[in-house]
Structures are given as structure tokens and as C-alpha cells.
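Engineer: Just passing along the structure, written as C-alpha cells.
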Amino acid sequence: MEQFRLLLAIGLSFLVLFVWSMFFVDQQPVNDNQESVTTKTTPEDEQASRKTAGSTSATISKEEVDAIKAAPVVENQSREITVETPFYTVRISARGATFASYILKNYRETVDKDSPNKQLIPPSFKAGVFRTSLLGNSLNGLEDAVFSIAQEGDRLVVDNDIKDLSFNWVADDGTILTKTYTFDPDSFLIGLTVVVKNASERVLKDQLVLSVRKPLEENKGYGFVGPSGFINDKLEQVKTKKIEDQNEYKGTIKWISVEDRYFLSSIIPGSEINGSMKLAVIDNVVVNQLVNPMFALSPGETLASNFYVFMGPKSMDLLDSLGHDLGKALNFGFFNVIAKPCLWFMNKIHSVLPNYGIAIILLTLCTKIILWPLGNKSYKSMSEMKKLQPLMTEIREKHKGDKQKMNQELMALYKTYKVNPMGGCLPMVLQIPVFFALYRMLYQAIELRHAPFFLWINDLSAPDRLFDFGFSIPFMEPPYGIPVLTIIMGATMLLQQKMSPPPGDPTQAKMMMLMPVVFTFIFINFSSGLVLYWLVNNVLSISQQYYVQKKTA
């Protein structure tokens, strides 16, 4: 009875997750306008060497303005500069001085060997990433500005030394806005300095806004997809369908971003600012805006504000190494306290045995060893309950017309033989948080993306399929083939069920027979890494249960 309730609870939990991922995806448009910003930032920690001084003011001469206007640069809307570093290749457009393309060198689009490297900005996406604007639109034309580029060639290779790339735009009133990107061959972080030089005859008062943009994406799983930020020492992850309810978050901001299952695009102030994060969905594009504090520049004054931008994998080790609490973006929710140590341990195993499938097996084994005492108590109680099955069946038959009397007799039986009917259930219930923590971790861990195991399992982040039938199968995600690992997992569940004491109620007994089928159906589209964990856990549980039953026989 108690085993039935436990499995039913787990099954229903998985069914909820499955239905949620199938039908409840985040895609709701919202309305918003430009970007806002702010800014006074000062250099911080070890990043100071990357030209990240804080906001500063200075005077500007007429000669400097004239020199920028007369500079021999090409103002061509189609001009782009390609920057290549050991980690990525980025193409920056003169229009808005924004990222038009960003390709990661160590990640591929698909698991195929001839697959191109991962492109984080779809070719069809023309809006550009990391745009700059003023909240009050005090400089006309900035939204559609075409910047001049102080770079002779169209290619910049960053292999040994830190290099800068500057973009200039002059407003009608003479005000100059300069965006300078700083590329470090040893880091994913890209420095960004925005300089506003007020060459007009008026006081320029506004708020600087930086935005990160990404095409709207469906959330097909349990992980988070959408805009996020680290505000007031708290992670804010906002589902796109919730933006209409609240589209602005104010406070002390360390970073903002737009994220998907495996990758992150983020804007990071050089030092935390007191500003706001504004969100919008415009034409199926998610926009996350970093609105900086108000500034006021008198004629001839200059304001320099410093940031970092990041586009890359949501790797725990990488994000933690970058500082700025960027590691908080890798979030497993309520299960962080369990999932992150498990991820760390799995990576440590992989550093010794470079196969993530083996790492998952060993992680499962270690988890099972830690939970071994709980399992022993559970299986011992189940074994004792199994011995009482004939007596329990006799009592049920004798008092089938009087449930109250039947329950009294059953409780007396448990008391006589000193058996706790919940003894087999409670220890297993305590293991459920560990399972869901591992589920979250294995689903979101970029380390498993395109990671091979053996034979036909060449991607532990994808469902396992043997062969490709070439035609669709209901409820199965492509490719359409034989889910061998999932079928074996279902068989182990069936064997484990037969080793457990059957429920006295015939209806419950029939439902228990369906549980392995239900689980197999639910797991059919789960990543092979998660199915491998569940399969190995089942095999270890069967071995432990067999050992306990033999010992107590």
C-alpha cells in the first residue's frame, strides 16, 4: 500500500512535468519602448586591468569634436568588424555598434561531427545584441545610429594581447557617443566602455540604457528560459508570460541577462549600480534593459561608464570564475543545495575518467551508498510486510464488508509483529529530493550537451534512440527510433515491483502493474543522461532489496 502511494506520487510528479513541458511554454508578447540607463561605475577587483574605470566627467574641446567628425572612417550601414579570440568569433555591426553574430569555438550546433560551431545569434535576427540608448531620447537618431569605426581593416585577431575596438557617433547637436569594446584573449568577458561627450550648448540630462536582446524561445523542459537579473542580492528569473504583470525591477543590480537552457547573454556593470531592469517582448524578441542612474552633463563635460558583456555557456566553473556573482545564473531552484555539489562531483569524476556516462554511473553509486541506510530500513520493512501478506489477505477477506473492523484487525496485526506499515515508504520519501535535484542538474548541465556515452548514445542531453525510422511516432520527439535505455529502465521497474509486497486491493494491484508502463512513457523523451541515472539507480536498488530480503528471510 505504502509502496503504491510512493510510486504513484513520483509518477504523478513526472506526469505533471511532462504535461507542463508539452503544453505550458512561455511565449507572450509585451510592449515597451527604448532602453534606459544610468551610470557611474568604478573599477572592481581583478578586472581593473581591462579598462573598467568608473564613470568620470571631463571637459571636451571643439577641436576634439571636429577631429572625430573629420576622421577617415567609413560610415557604412553594412560595414561589420569581425573579432576573433581563442573562445569565440564575434561580428560587430556599424549600425548601433551591436553584435550581429557570435560563434562559440568549443561548442557545435548539433552532435554531428561536421556540424558548424554554435551560433548564439540566429542569422535571421537583425535587431543586434547589446544596444545602447538614452531613456529620455535626448539625442535624436541614436536608436538607428550608424557608427563610424576607428579600424582600418574588417578583421581583428585577439590572440596574445588585450585589444580595443571603438565606435563613434556624432549627434546633430555635436554630442559624441563612443562605444569601446575591450577583448581579452584569456577571458569570455568583454569590456564595454560607453562615453558621452556633451559638445552641445545645453545641459544633457538623461539615463543611459544598455539592452540585451534574444529571439523568443519556447521552454520545452523544466529549466528556465527567459530574462533574468541579480538584483538586491537575489536572482530574479522572469517567465516571459509574466512580463505583462511586472516589467520593471529596481534595486542594486550586479547583472542582467537573457538565458536559455545552456547559454547566457549578459550585461554586467563594472561595479554594481542602483538602477532598474526593464523587460519587454517586442516582435517575438525578448528585451532586457539595464537602466542606469540619471546623469547631467553641462556643455563640454564627458561621462564614461564601464560594463562587461558576456555571451557563453552556463558552465558552473566558468561562471564562478568570472566573478560578479554570475554563477548565480546557473540555478536549480529549491534543489540548489543538492544539485550544485552533485554537478561539482560529477565534473571531478569526469576529470579523472573522461566519459560523462561513466561519471553519472559513479555519481549514482556514490549517492546510493550515502542513502544506503535509508534504503535498508525501507527494504527491511517491505520484507516484513511481505511475510504478513497471507495474514493480511485473510483479514481482508474475513472483514471485507466491515472496513472499520478490517482496519482494526490490520493495526492489531502490525502491533503484534512490530511492523510499521509506513516503514517502507518514509525512507524512500526522504530520497525524493535527491532524485529531483539530480533530475534538474542532469537536465541543465551543459557538460552533458553532445557528450557521448557508448555505441548509439552519442548525446547524453538528448533522448536515446537506436536507428531512425524516418517517420513520426505519436508522443515521441525526433529522431524516431527505439528508446533502448528507456525500455530497459522500464523492465527494471517491473522487476523491482515484483520484488515488492503487492497491495491488498485488486484495483491498486492493477494500477501498480501499469506504473512501469507509465514511467517508461514519461521517460521516453527525457535525456539519456537522466534515464541512465534512473536505470542505474534501479539496478542498485534491486541489488540492495535482494540482499535485504535474503538476509531477513
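The values are calculated or read from the model by the stated rules, or taken from the named source; none is laboratory data. Remember, it's a predicted structure, so these values are computed and weren't measured experimentally. Note that we place each Cβ from the backbone using ideal geometry, even for glycine, and neighbour counts take in every protein chain shown.
Engineer: So Gly357 ticks every box in (1) surrounded by fewer than 17 Cβ atoms within 10 Å (Cβ to Cβ); (2) farther than 24 Å from Lys550 by Cβ; (3) touching a residue at least 40 places away in the same chain (Cβ under 8 Å) but one. Which box is left unticked?
Structural biologist: Of the numbered conditions (1) surrounded by fewer than 17 Cβ atoms within 10 Å (Cβ to Cβ); (2) farther than 24 Å from Lys550 by Cβ; (3) touching a residue at least 40 places away in the same chain (Cβ under 8 Å), the odd one out for Gly357 is (1).
Engineer: Quick check on region 140-153. Is at least one of its residues assigned to a strand (DSSP E or B), buried (at least 16 other Cβ atoms within 10 Å of the Cβ), touching a helix residue (DSSP H, G or I) at 6+ places or on another chain (Cβ under 9 Å) and of a type outside the set (Lys, Arg)?
Structural biologist: Of the residues in region 140-153, the ones assigned to a strand (DSSP E or B) are 146, 148-149.
Remaining after also requiring buried (at least 16 other Cβ atoms within 10 Å of the Cβ): 146, 148-149.
The next check asks that each one be touching a helix residue (DSSP H, G or I) at 6+ places or on another chain (Cβ under 9 Å); those that pass are 148.
Those left that are additionally of a type outside the set (Lys, Arg): 148.
Yes, some residue in region 140-153 is assigned to a strand (DSSP E or B), buried (at least 16 other Cβ atoms within 10 Å of the Cβ), touching a helix residue (DSSP H, G or I) at 6+ places or on another chain (Cβ under 9 Å) and of a type outside the set (Lys, Arg).
Engineer: Can you confirm whether Leu189 is of a type in the set (A, V, I, L, M), surrounded by fewer than 20 Cβ atoms within 10 Å (Cβ to Cβ) and within 29 Å of the chain's Cα centre (by Cα)?
Structural biologist: The answer is no for Leu189.
Engineer: Name every residue in region 465-493 that is assigned to a helix (DSSP H, G or I) and surrounded by fewer than 18 Cβ atoms within 10 Å (Cβ to Cβ), in order of residue number.
Structural biologist: Of all residues in region 465-493, those assigned to a helix (DSSP H, G or I) come to 484-493.
Within region 465-493, Val484, Ile487, Ile488, Ala491 meet the criteria.
Engineer: Would you confirm, using the coordinates I've provided, whether Gly323 is within 30 Å of Ile121 (Cβ to Cβ) and surrounded by 15 or more Cβ atoms within 10 Å (Cβ to Cβ)?
Structural biologist: Yes; evaluated as a whole, the condition is true for this residue.
Engineer: What tally of residues in region 154-170 results from selecting those that are over 31 Å from the mean Cα position of the chain (by Cα), in a loop (DSSP other than H, G, I, E, B) and surrounded by 12 or more Cβ atoms within 10 Å (Cβ to Cβ)?
Structural biologist: Going through region 154-170 one residue at a time, the tally reaches 1.
Engineer: Report yes if Lys205 is of a type in the set (D, E, K, R), in the same structural domain as Ser276 (by TED's automatic domain parsing), in contact (Cβ under 8 Å) with a residue 40 or more places away in the chain and buried (at least 22 other Cβ atoms within 10 Å of the Cβ), otherwise no.
Structural biologist: Against the criterion (of a type in the set (D, E, K, R), in the same structural domain as Ser276 (by TED's automatic domain parsing), in contact (Cβ under 8 Å) with a residue 40 or more places away in the chain and buried (at least 22 other Cβ atoms within 10 Å of the Cβ)), Lys205 does not qualify.
Engineer: On the given criteria, is Ala451 in a loop (DSSP other than H, G, I, E, B), touching an Asp or Glu at 6+ places or on another chain (Cβ under 8 Å) and in contact (Cβ under 8 Å) with a residue 40 or more places away in the chain?
Structural biologist: On the way: in a loop (DSSP other than H, G, I, E, B): yes; touching an Asp or Glu at 6+ places or on another chain (Cβ under 8 Å): yes; in contact (Cβ under 8 Å) with a residue 40 or more places away in the chain: yes.
So Ala451 fits the description; yes.
Engineer: For a quick check of your reading of the model, give me the residue pairs whose first member lies in region 241-255 and is closer than 15 Å to Val286 by Cα, whose second is part of a loop (DSSP other than H, G, I, E, B), with beta-carbon atoms closer than 6 Å and at least 6 apart or on different chains.
Structural biologist: Listed by first residue and then by second, the contacts come to Lys241/Asp26; Lys241/Gln28; Ile243/Val30; Glu244/Val30.
Engineer: Next up: Could you pull out the residue among Gly375, Gly357, Gly401 that is assigned to a loop (DSSP other than H, G, I, E, B) and small (Gly, Ala, Ser)?
Structural biologist: On the way: Gly375 fails: assigned to a loop (DSSP other than H, G, I, E, B); Gly357 fails: assigned to a loop (DSSP other than H, G, I, E, B).
None of the other options fit; the residue is Gly401.
Engineer: Quick one: in region 218-261, which of the residues that are at pLDDT below 95 and among the aromatic types (Phe, Trp, Tyr) is surrounded by the fewest Cβ atoms within 10 Å (Cβ to Cβ)?
Structural biologist: Only one residue tops the list, namely Tyr222.
Engineer: Moving on to the next point. Can you pull out the residues in region 195-226 that are within 19 Å of Arg440 (Cβ to Cβ) and part of a strand (DSSP E or B)?
Structural biologist: Matches in region 195-226: Gly226 only.
Engineer: A further question follows. Within the set of pairs 6+ apart or on separate chains, which have a first residue in region 528-551 that is without any contact (Cβ under 8 Å) to a residue 24 or more places away in the chain and more than 16 Å from Leu448 (Cα to Cα), a second that is in a helix (DSSP H, G or I) and basic (Lys, Arg), and C-beta atoms under 6 Å apart?
Structural biologist: none
Engineer: Sort out for me the strands (runs of 3 or more DSSP E) sitting completely within region 227-343 that have 1 or more residues that are in contact with a His (Cβ under 6 Å, 6 or more places away or on another chain) and not assigned by TED's automatic domain parsing to the domain that holds Tyr443.
Structural biologist: Values: elements: 234-237, 248-259, 263-269, 273-282, 285-297, 301-313.
Those strands (runs of 3 or more DSSP E) span 248-259, 263-269.
Engineer: For region 476-494, enumerate the residues that are in contact with a helix residue (DSSP H, G or I) (Cβ under 7 Å, 6 or more places away or on another chain), under 19 Å from Gln545 (Cα atoms) and not polar (S, T, N, Q). Please lay out each step first, then the result.
Structural biologist: As a first pass, look at region 476-494 and keep what is in contact with a helix residue (DSSP H, G or I) (Cβ under 7 Å, 6 or more places away or on another chain): 485-490, 492-494.
Subset that is under 19 Å from Gln545 (Cα atoms): 488-490, 492-494.
Scanning region 476-494 gives Ile488, Met489, Gly490, Met493, Leu494.
Engineer: If we keep just the residues of region 450-474 that are among the small types (Gly, Ala, Ser) and more than 22 Å from the chain's Cα centre (by Cα), which is nearest to Ser527 (Cα to Cα)?
Structural biologist: In the first step, residues of region 450-474 are kept if they are among the small types (Gly, Ala, Ser); the result is 451, 461-462, 470, 472.
Pick out the ones that are also more than 22 Å from the chain's Cα centre (by Cα) and you get 470, 472.
On the way: Gly470: 20, Ser472: 19 Å.
Across region 450-474, the extreme among qualifying residues is Ser472.
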